[in-house]
1. Quick check: convex hull over the Cα atoms of the range 10-89, volume per residue in Å³, rounded to an integer?
2. Once both labels are modelled 7 Å past Cα along the beta-carbon direction, what's the residue 48-residue 154 spacing in nm?
3. Given the chain reduced to its alpha-carbon atoms as identical point scatterers, what log10 I(q)/I(0) does the Debye formula return at q = 0.10, 0.11, 0.14, 0.17 Å⁻¹?
4. How high is the relative contact order of the chain, in percent, counting Cα pairs under 8 Å that sit 6 or more residues apart?
5. Give me the extension gain from residue 58 to residue 100: residue separation times 0.36 nm, minus the current Cα-Cα distance, reported in nm with one decimal.
């Protein structure tokens, strides 16, 4: 019977996503994680602990490949692992601090899979962030005249962060919709 856990960590989702792309083994995962280290640094020793955790939740399977020396465990994602990853990928994050880690990991995998999916994820996150900012604005408006200075400062800080995040998400969606080429120039749009 698999272990139960309410949610995986961003590091676990990053490794699950890499395995989902293609069967792989621990050492190869360490190399693949270099692409994500600016967003999600994972110590090499943690890779194997995360693999054991994912296997314990029956989200991945490991089979021993005896054709190489020393033998290696090759990991593949299970049907449940793929389903859980897909649900996580498409669910917007609920907190601003999660945009710096969870959301960027989601965007990484969405961009590798399909730019249309990445735009959908960005649009959904933008909508969630608009709702978040609106809630903070209501909270600010509900502060009474007797609210202390600290409450006002904290609320304005949260609202400022939400607005900056909204601006970044809007720009990212715009940039992705008008995709830039690898040299940094906008891709030519064809008109019919």
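Computed from the coordinates by the stated procedures, all read-outs in this text should not be read as laboratory data. Bear in mind the structure is a predicted one, so any value in this text is a computation, not a measurement. Reconstructed Cβ throughout: ideal geometry from the backbone, glycine too, with neighbour counts over all protein chains shown.
1. Each residue corresponds to 87 Å³ of Cα convex hull volume.
2. Going from the residue 48 label point to the residue 154 one covers 4.4 nm.
3. Here the Debye-derived log intensity ratios amount to -0.55, -0.64, -0.90, -1.11.
4. Relative contact order for the chain comes out at 17 percent.
5. Stretched fully, the residue 58-residue 100 segment lengthens by 12.3 nm.
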